[in-house]
There are 2 protein chains.
Amino acid sequence: MAIRVGIIGYGNLARGVESEIRRNPDMKLCGVFTRRDPASLTIKTEGVPVYNVDKLPELTNDFDIMVICGGSATDLPKQTKEYAKLYNVIDSFDTHANIPQHFEAVDASAKAANKTALISCGWDPGMFSLNRLYANCILPEGNDYTFWGKGVSQGHSDAIRRVAGVKNGKQYTIPVDSALEAVRSGSNPELTTRQKHTRECFIVAEEGADLAAIEKEIKEMPNYFADYDTTVHFISEEEFNRDHARLNHGGFVFRTGTTGFDGENKHVIEYNLKLDSNPEFTASVLLCYARAVVRLNEMGQTGCKTVFDIAPAMLSPLSGEELRAHLL
Amino acid sequence: MAIRVGIIGYGNLARGVESEIRRNPDMKLCGVFTRRDPASLTIKTEGVPVYNVDKLPELTNDFDIMVICGGSATDLPKQTKEYAKLYNVIDSFDTHANIPQHFEAVDASAKAANKTALISCGWDPGMFSLNRLYANCILPEGNDYTFWGKGVSQGHSDAIRRVAGVKNGKQYTIPVDSALEAVRSGSNPELTTRQKHTRECFIVAEEGADLAAIEKEIKEMPNYFADYDTTVHFISEEEFNRDHARLNHGGFVFRTGTTGFDGENKHVIEYNLKLDSNPEFTASVLLCYARAVVRLNEMGQTGCKTVFDIAPAMLSPLSGEELRAHLL
């Protein structure tokens with residue numbers, strides 16, 4: 001029987017889950033939950049009901065797992081621990097500093113209800129974290145490097161859209177090629193924030209806005225831009241809509257380290273992603289971990305997990321025999 | 001208490017285990033086992049006893065795990081299943097086609113003895129297999145590509161050393177840059193054997209040998225060289241010893257795939273390794289999995305495992321809390 005999946009929320013990530021569930025024949029989308037009036041929401045999959053989140057307590061027999069697609073700032077800290085009392089759940093909570101407290105809250109809820117939860121899943125945190133962990137275990141003596149991009153940073157795009165005179169805007173984070181090459185060479189460079197990434201902004205200004213003032217305000221914005229070399233381009237609304245509609249992203253995780261009796265041998269481990277659609281890729285990661293969460297719950301392993309706790313074979317629809325024969 | 005590790009064999013891989021165990025403070029090398037006269041073997045670590053393999057049945061209380069460092073062709077198919085009756089064991093069995101039967105034999109031995117075994121660990125099979133599995137689970141619609149090198153192929157080096165007139169020789173497998181770039185572009189190229197890798201041989205010829213005949217025999221050798229563009233260099237013994245002593249290797253694993261309601265978004269997942277020392281890196285992977293094997297056995301999980309069955313957190317000396325706080 002197919003795994004019955006529900007989606008909570010209907011933003012970019014949720015729509016990614018909706019599209020990617022079709023690529024997993026052992027899964028079935030059985031409902032979308034919204035805080036809005038369900039009648040106001042038309043989803044892309046025919047025949048799948050839309051419910052208000054108020055209905056969640058009544059439908060616990062109809063779903064094997066809920067993919068919670070809220071934001072990390074305010075939604076997920078409330079939603080995941082709440083819904084883990086009713087369902088197996090998975091989220092993409094990505095506020096790194098608050099992961100330990102989110103974990104504890106979700107763990108308590110899930111354990112009390114005999115449910116299984118998995119938090120902070122996606123590519124960072126998620127696949128990047130996994131690669132940091134594997135590489136650190138393999139090379140105990142070494143250095144870690146993470147680069148993001150080239151890709152759209154939602155947080156930075158939001159920040160530039162709040163500047164007076166900005167009608168629309170998008171920010172790309174770009175890793176510096178020479179920094180990537182220095183890391184790849186195994187030379188263990190010490191890199192400042194400015195040396196690792198540049199930031200490029202594409203802005204549609206309001207008519208009559210002071211472009212020089214906008215550019216200055218962006219470039220001097222603390223935390224977001226002041227520590228980076230930032231380029232600001234003013235473009236037309238037409239060009240913006242044509243060339244900057246996508247949510248592409250990606251990045252690089254490196255560990256460089258040494259082995260040998262005298263530390264004489266160098267090694268470079270690199271993992272990198274080039275993604276046309278950040279939300280659809282994140283959704284794809286969530287779905288294979290959703291499969292593992294349902295299996296763990298069936299095995300009686302309840303409480304909160306992260307990608308670190310999941311044996312890779314649990315993610316696959318294939319059997320152990322098939323995996324050993326074809327992928328090992 | 002430190003994990004008490006034994007090494008069976010004392011070739012390149014075993015010496016790698018010996019050097020890398022020093023980078024894992026929770027592990028201790030407690031003995032090396034050889035088929036030769038132990039008095040004939042001097043190892044690099046002071047105070048560690050060398051035993052004949054005949055002593056293995058007597059020392060089962062003195063070791064938590066044996067790292068079996070024999071060759072895949074004839075040693076490991078016998079050794080791992082035999083020693084899994086006495087110890088928790090780990091090996092780097094790399095004959096892909098025979099993994100299923102090796103797994104079954106080791107699983108039966110280990111289960112009967114309440115021991116835990118892990119086979120086919122290293123980087124390929126091993127980390128490359130893991131990356132193939134993760135990427136296949138994330139992107140169910142896509143294509144896999146594996147490239148090896150630049151690095152020394154032991155099998156091909158052995159083959160050229162068997163050619164009449166060859167005194168010494170080393171073969172490098174080199175991935176073709178244009179093929180790597182075609183894969184990275186997400187264009188899903190179909191690549192022939194010849195398009196993916198070239199082979200480069202460095203030969204020290206016997207005095208008076210027919211160089212043209214050697215080159216012809218190598219380039220036409222079926223399976224090993226006939227399907228590749230091969231370059232043969234004749235060099236002096238001095239140059240050979242100076243420039244070709246290392247056992248460097250590496251490679252690339254890619255999965256490219258699509259997402260979206262209409263498959264309109266492309267994604268590229270890349271994992272690559274650049275290794276100065278193939279045996280020391282392989283040993284480093286074996287050691288963190290050895291930690292996991294000992295833990296699994298303490299938890300009562302016996303029988304044969306592969307890297308697919310091991311939750312990543314089990315590889316680390318850090319606690320779950322530490323991992324979530326620092327690596328997620």
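The values are calculated or read from the model by the stated rules, or taken from the named source; none is laboratory data. Not measured: the values here are computed from a predicted model. Because the Cβ atoms are built from the backbone with ideal geometry, glycine has one as well, and the counts that use them run over all protein chains shown. Each accessible area value is taken on the protein alone, full model and side chains, heavy atoms only, with ligands, DNA and RNA left out. Shrake-Rupley method; radii C 1.70, N 1.55, O 1.52, S 1.80 Å.
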Selection within the stretch A:57-76 - buried (at least 20 other Cβ atoms within 10 Å of the Cβ) and part of a helix (DSSP H, G or I): A:LEU76
Members of the stretch B:191-208 found to be part of a loop (DSSP other than H, G, I, E, B) and over 13 Å from B:ILE235 (Cα atoms), listed by number: B:LEU191, B:THR192, B:GLY208
Filter result (more than 13 Å from the chain's Cα centre (by Cα), within 30 Å of B:THR258 (Cα to Cα) and among the hydroxyl-bearing types (Ser, Thr, Tyr)) within the stretch B:108-150: B:TYR134, B:TYR145, B:THR146
Residue in the stretch B:1-50 that is nearest to B:PHE281 (Cα to Cα), counting only those that are of a type in the set (Asp, Glu) and assigned to a loop (DSSP other than H, G, I, E, B): B:ASP26
Test: residue in the stretch B:45-63 that is among the small types (Gly, Ala, Ser), within 14 Å of another protein chain (Cβ to nearest Cβ) and without any contact (Cβ under 8 Å) to a residue 60 or more places away in the chain: no
Residues of the stretch B:150-187 satisfying the condition of being within 15 Å of B:ASN278 (Cβ to Cβ), charged (D, E, K, R) and in contact (Cβ under 8 Å) with a residue 24 or more places away in the chain: B:LYS150, B:LYS170
Residue in the stretch B:16-23 that is at pLDDT 95 or above and open to solvent by 70 Å² or more (accessible area, probe 1.4 Å) present: yes
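Yes/no matrix, rows are residues, columns are (1) among the aliphatic types (A, V, I, L, M); (2) at pLDDT below 95:
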| site | (1), (2) |
| --- | --- |
| B:ASP144 | no, no |
| B:SER153 | no, yes |
| B:VAL166 | yes, no |
| B:GLY169 | no, no |
| B:PRO175 | no, no |
| B:ALA182 | yes, no |
| B:ASN188 | no, yes |
| B:GLN195 | no, no |
| B:ARG199 | no, no |
Search result, residues across the stretch A:78-99 that are over 20 Å from B:LEU327 (Cβ atoms), open to solvent by 10 Å² or more (accessible area, probe 1.4 Å), outside any loop (DSSP other than H, G, I, E, B) and free of Cβ contacts under 8 Å to residues at least 40 places away in the same chain: A:LYS78, A:LYS81, A:GLU82
Filter result for A:GLU190 (without any contact (Cβ under 8 Å) to a residue 12 or more places away in the chain and either within 30 Å of B:ASP276 (Cβ to Cβ) or touching a helix residue (DSSP H, G or I) at 6+ places or on another chain (Cβ under 7 Å) (or both)): yes
Matching strands (runs of 3 or more DSSP E) fully within the stretch A:220-328 where at least 1 residues are open to solvent by 10 Å² or more (accessible area, probe 1.4 Å), at pLDDT 95 or above and more than 11 Å from chain B (Cβ to nearest Cβ): A:229-234
